[in-house]
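Below is one structure; the comments refer to it alone.
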Amino acid sequence: MADAWDPTLEERVYTWTLIVMCLALMAFLLVKIAMGFRKKSKLLSWATCFDCMCLLWCLVRVVFWMTLELRDEITYLELYLLYWFPTPIQFANFSLLVLFYIQVITGPSWQTKWRQICLPLYLFMSLLMATITAVWAFTSNSSVEDALKYGDKYDQDMNKISAVKIQLEYSAISFFLLSFLFAFFGWKLANVSESRRKRLMITKPHSLAVFNALLFILFFTRSMRDLATSQN
């Protein structure tokens, strides 16, 4: 069992602020999903799946932070799973947006060709990430005396755990791939013809380009951060 680490007042305030923010986001997502069901939206639409994955990510994070705050001790398995499992959830979640871009760009050929290629590949990669994370959590038996810390301290101390370097490198590769996909398909969307842009109802291509550029920067930075942390 991993012994609890007694946080300072500032760390408690920081943690509970994150918890409240995630709970507020969960409430917003639940209302949004409920409104979609009320309007009889498709259960497996891109928007509904994206919202459900966001909801799952928030739930895991809230459970993790509340576990650290409210429990006196936590098993290593719980610690690893709650800390690392949001990574494959986040990857799978934003990969849905990439799939939506591919559907928009390919048009009618999505149903006849690209759907049969992209969806199995998406499921394989998402399940592979989740499986690797779960297997790693079950097989890690190292001591984590200083692992129950918060924010940057926690991230630094997690590097002391056996095989965490592999997990960080794998995370870095995954998010680098995601950043590349957003850069590529964002560029493709920004360069469609005017007639096709109107047909696809892309009314603000510059705003879309900025949005995809921000996602590229976000995930590229995340990948470089994980890679740098793994080398420390």
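Across segment 45-52, coupling constants 3J(HN,Hα) worked out from phi with the 6.51/-1.76/1.60 Karplus curve, θ = phi - 60°, read 5, 4, 5, 5, 5, 4, 5, 5 Hz, and Gly and Pro carry x. Counting every other Cβ atom within 10 Å of each residue's Cβ, F85, F220 order from fewest to most as F220, F85. Alpha carbon centre of segment 22-67 versus segment 77-135: separation in Å? Cα centres, segment 22-67 to segment 77-135: 17 Å.
Read-outs: derived from the displayed coordinates by stated rules, not from any lab. All of these numbers come straight from a predicted model, not from anything done at the bench. Quick reminder, even Gly has a Cβ in these numbers, built from the backbone with ideal geometry, and neighbours come from all protein chains shown.
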